[in-house]
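**Q** The structure follows.
The values are calculated or read from the model by the stated rules, or taken from the named source; none is laboratory data. Everything quoted here is computed from the prediction, not taken from an experiment. Every residue, glycine as well, gets a Cβ built from its backbone with ideal geometry; the counts of neighbours run over all protein chains shown.
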Amino acid sequence: MSYQPNDQVPHQPQPQQPAAPTPPPAYQQPAQPAAPADAALNTLNLNYWLSVFFVWLPALIFWLIEKDKGNARATQLHVANFNFSLLRTAVYVVTPILGLIPYVGLVLVPLCWIGSIVLFVFHIMAATKTAQAYNTGTPKDPFIFNIPLIK
């Protein structure tokens, strides 16, 4: 009898079949949790970075919430941020008012505009130095200059 392609042949194992699938890797021990960060430092970083972009409102909120918590260094840095945010806000308010004065406004408005950009950059620089200023505990705030309106 000759073999025809449509004839059924009993199933015979092939000499090179694939191996059985490998089992999934075993469950590993979880990694150690990261060291808990200081909550005051996290709050300071959030305060400074939000104040860079939203100016006085985050600084006011954080100062009102954190002023009675007992951490003197954190309170000092919150006050410094609030003072600088008030300075930036004053420049933003004074600039269009000076623009209403003829001739004087032509000179002072561009200067105030450049000053507001400089203050924005100073605020970014202070926000990057917040952790260092908090950890070293030096009495100086991280701003290049500041006007103490709130004590």
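**Q** Looking at segment 73-99 only, could you name the residues that are among the hydrophobic types (A, V, I, L, M, F, W, C) and farther than 11 Å from SER116 by Cβ? Steps first, please.
**A** So in segment 73-99, the residues among the hydrophobic types (A, V, I, L, M, F, W, C) come out as 74, 77, 79-80, 82, 84, 86-87, 90-91, 93-94, 97-98.
Those that are among the hydrophobic types (A, V, I, L, M, F, W, C) and farther than 11 Å from SER116 by Cβ: ALA74, LEU77, VAL79, ALA80, PHE82, PHE84, LEU86, ILE97, LEU98.
**Q** Look through segment 82-99, keep the residues that are free of Cβ contacts under 8 Å to residues at least 60 places away in the same chain and not β-branched (Val, Ile, Thr), and return whichever of them is surrounded by the fewest Cβ atoms within 10 Å (Cβ to Cβ).
**A** PRO96
**Q** Under the condition of being of a type outside the set (A, V, I, L, M, F, W, C) and loosely packed, with under 11 Cβ neighbours inside 10 Å, which residue from segment 100-135 is nearest to the chain's Cα centre (by Cα)?
**A** Step one: filter segment 100-135 for residues of a type outside the set (A, V, I, L, M, F, W, C), giving 102-103, 105, 110, 115-116, 123, 128-130, 132, 134-135.
With the extra rule that they be loosely packed, with under 11 Cβ neighbours inside 10 Å, the set shrinks to 102-103, 132.
Numbers: PRO102: 41, TYR103: 41, GLN132: 15 Å.
So, considering only residues that are of a type outside the set (A, V, I, L, M, F, W, C) and loosely packed, with under 11 Cβ neighbours inside 10 Å, the one nearest to the chain's Cα centre (by Cα) is GLN132.
**Q** Is it the case, given these coordinates, that VAL107 is modelled with pLDDT of 90 or more, over 22 Å from LYS151 (Cα atoms) and of a type in the set (Val, Ile, Thr)?
**A** yes
**Q** Name every residue in segment 118-144 that is touching a helix residue (DSSP H, G or I) at 6+ places or on another chain (Cβ under 8 Å) and free of Cβ contacts under 8 Å to residues at least 12 places away in the same chain, in order of residue number.
**A** Correct list: LYS140 only.
**Q** Something else: What do you reckon, is ILE144 over 17 Å from LEU50 (Cα atoms), among the β-branched types (Val, Ile, Thr) and outside any helix (DSSP H, G or I)?
**A** yes
**Q** Find all pairs meeting these conditions: Cβ atoms under 6 angstrom apart; at least six residues apart or on different chains; first residue within segment 57-68 and over 10 Å from PHE82 (Cβ atoms); second residue part of a helix (DSSP H, G or I) and at pLDDT 90 or above.
**A** Within 6 Å, the pairs are GLU66/HIS78.
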